[in-house]
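No value in this document is a laboratory result; all are computed from the given coordinates. Remember, predicted model here, so these are calculated numbers, not experimental data. All Cβ positions, glycine included, derive from the backbone under ideal geometry; neighbour counts span all protein chains shown.
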Amino acid sequence: MYRTSHDQSTPIARSLAAELRAARLRKKWTQAQLAKKSRLPIRCIQRCESGGGSGEKLMAAFAATGLEIVPAPQPRQHARTIRYEKVWEPTWSTPHHITEAVLEAFERDKFCLDVASPDPPTVPCERFFTEETNGLAQTWQGDLVWGNPPYKPLKPWINKTVSEYKAGKLRCIVLLIPCKVETNGQRQLRDAGAITLVLHTRLKFGGRKGNPEFGSALYVLGATDDEIRRLRKSLPPHDQLVNLT
Ligand SMILES: C[S@@+](CC[C@H](N)C(=O)[O-])C[C@H]1O[C@@H](n2cnc3c(N)ncnc32)[C@H](O)[C@@H]1O
C-alpha cells in the first residue's frame, strides 16, 4: 500500500512514478500492456511513469499491477468547539444571578411561590409546587410568583399563567422561558399585558452540561413601572435586556 498527497510536483509523486514503472517491469509488461490492463490510454501510463497523471489514474494503473494507493490522511483541523445541548432537561435550574436580580428589583428576599420546582427548591421561595404536587393543578397566589416551568410542553404553563393572573389571586408573576416571541403562546402573554424582556446572552442553567441552543426571555405580568425599571438595572451588563413592549 502506498500513500500519495495527489500533488504531482512533490517528491512522493516522483517516487510513485518510479514505483509504478518498477511494478510494471516486475510483471514484464510493456506500457501498452499496462494501459490495456488498467483500461487507460497509453499516454496516461507514460504521464504516470514520468511523475504526472491524476491521483485517480495513478490508482487505476497501480491497481492493475496488484498494488493499491490511498490518499494520505489530512492533518487534524484544530477547530474551536462549542458544545450545545440539543436536549433541554426539565432539571435545568435558573442561574442564581437571574433570580437574585428579580428579587432585588422587587425588593424582596424570597418569592411567595415557585410554581415549578424541585424539592428542595433551587430558588428562594416561601412555597413551591413540584411535579408530585403538580403546579398546573394548583391555585397560584401571592405578591410575587416565580416560574421557570418545564418547557416540553410549555403551552399548558402559559395558559395557566394567563388564567391565574386574570383570576387575580397573584399580583405579579415572572416567567423565564425560551425566547420564541413569534409563537401564539408568547403572544398570548403579551396580550394579557406581559412585558417581554429578551435576555441578551444565552443563560448558563444550573445542572446543564453545555450551552442551551436557545435564548431566554423574562415575561413579567403585573409589575409596576418602577419594578421593571429596577429589574432592567439589576441584571448584570452581560444579560442586558431588549425590552419588547
Ligand atoms: C426548569 S426547572 C426549574 C426549577 C426552578 N423553578 C428554577 O427556576 O430553578 C422545572 C422544575 O419543574 C418541576 N416540574 C416538572 N413538572 C412539574 C409540575 N407538573 N408541577 C410542578 N413542578 C414540575 C421539575 O421537576 C423541575 O424541577
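Points worth noting:
- Convex hull projection area averaged over all views, the range 11-64, Cα basis, nm²: 2.9 nm²
- Using 0.36 nm per residue and subtracting the Cα-Cα separation, the extra length available between Asp119 and Asn159 on full extension is 12.0 nm.
- Among Gly53, Gly147, Gly206, the residue with the largest mean-square fluctuation in a Gaussian network model of the chain, with springs joining Cα atoms closer than 10 Å, is Gly53.
- Here the Debye sum runs over all C-alpha atoms of the range 96-241 as equal scatterers in vacuum, and log10 of I(q)/I(0) at q = 0.08, 0.14, 0.19, 0.20 Å⁻¹ comes out as -0.19, -0.62, -1.25, -1.41.
- With a Förster radius of 22 Å applied to the C-beta separation of Arg108 and Asn243, the computed FRET efficiency comes to 0.55.
- Between Val181 and Glu131, the FRET efficiency estimated from the beta carbon spacing at R0 = 30 angstrom works out to 0.60.
- Label sites at Ala22 and Ser54, each approximated as a point 7 angstrom past Cα along Cα to Cβ, lie 2.8 nm apart.
- The packing ranking, built from the mean of other Cβ atoms within 10 Å per residue, places the peptides 173-179, 194-200, 106-112 in the order 173-179, 194-200, 106-112, highest first.
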